[in-house]
1. In a shell of Cβ-Cβ distance under 11 Å around Gly25, excluding Gly25 itself, what net charge do Lys and Arg (+1) and Asp and Glu (-1) give?
2. Taking the Cβ-Cβ separation of Ser124 and Ala93 as r and a Förster radius of 22 Å, what is the calculated FRET efficiency to the nearest 0.05?
3. Counting only complete DSSP H runs, which helices of the chain cover 15 Å or more along their long axis at the Cα atoms and score a mean Kyte-Doolittle of -1.0 or above?
4. Under a GNM of the chain (C-alpha, springs under 10 Å), which listed residue has the highest mean-square fluctuation: Ile141, Ile113, Ile103?
5. Between Gln43, Gln105, Gln57, where does the largest GNM mean-square fluctuation fall for the chain, given springs only between Cα atoms within less than 10 Å?
6. What percentage of the solvent-accessible surface of the chain, computed with a 1.4 Å probe over protein heavy atoms, is contributed by carbon and sulfur atoms?
7. Calculate, for Ala131 and Glu55, the FRET efficiency according to 1/(1 + (r/R0)^6) with r their C-beta to C-beta distance and R0 25 Å; round to the nearest 0.05.
8. Grab the DSSP H runs of the chain that are 4 residues or longer, score each as -39,500 (n - 2.57), total them, divide by all residues and round the 222 nm result to the nearest 500 deg cm²/dmol.
Amino acid sequence: MAAAYRLTPVRRLANAVGRGLVRLGLGPARTYLLTVPGRRSGQARSTPVTLVESEGQRWLVAPYGPVGWVRNARVAGRVTLSRGRRTETVALAELDARDAAPILQRYAREVPITRPFFDAGPDSPVEAFAAEAARHPVFRISPGSAEREPMRASPGRSA
């Protein structure tokens, strides 16, 4: 049985540290600061995320399930990804289970810290990840704006 995600004080602290590192352009190369307006408050919410990248395509995986940033992104349809001084606004399209499965499998292989939140292991067949897709949304990232600009300072909170 996969672990359930809980936003504990330790996780809040880890997210705050992660946000700070990514704002400085530090940390793993595929880790970005995702910022999206809150669906009710409209206030910017930020959390560190790790992308899956392959052959010029990028995907955003929700390893902890439909947490706040996922619900906010579904409503907004676009998010801002920042790393260091680079910021881009991108459009998101949620994948169906069949298309999400190989991305989830790759994510489980590449991001070991999130493995406890999956029932399927990194060596499980892709069909096992198709069964996981309802619990771990996957979004295809498309350019949402040609605009790339220096990172704006925003306090942001984990969503």
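1. Within the 11 Å Cβ shell, the charges total +4.
2. The pair Ser124/Ala93 has a calculated efficiency of 0.30.
3. TM-like helix candidates: 9-23, 97-110.
4. Greatest mean-square fluctuation among the candidates belongs to Ile113.
5. Gln57
6. On the chain, the fraction of accessible area on carbon and sulfur atoms equals 55 percent.
7. Efficiency computed from Cβ-Cβ geometry: 0.45.
8. -8500 deg cm²/dmol
The values are calculated or read from the model by the stated rules, or taken from the named source; none is laboratory data. All values derive from a computational prediction rather than experimental measurement. Backbone-built Cβ (ideal geometry, glycine too); neighbour counts: all protein chains shown. These area figures cover heavy atoms from the full protein model, side chains too; ligands, DNA and RNA do not enter into them. Shrake-Rupley method; radii C 1.70, N 1.55, O 1.52, S 1.80 Å.
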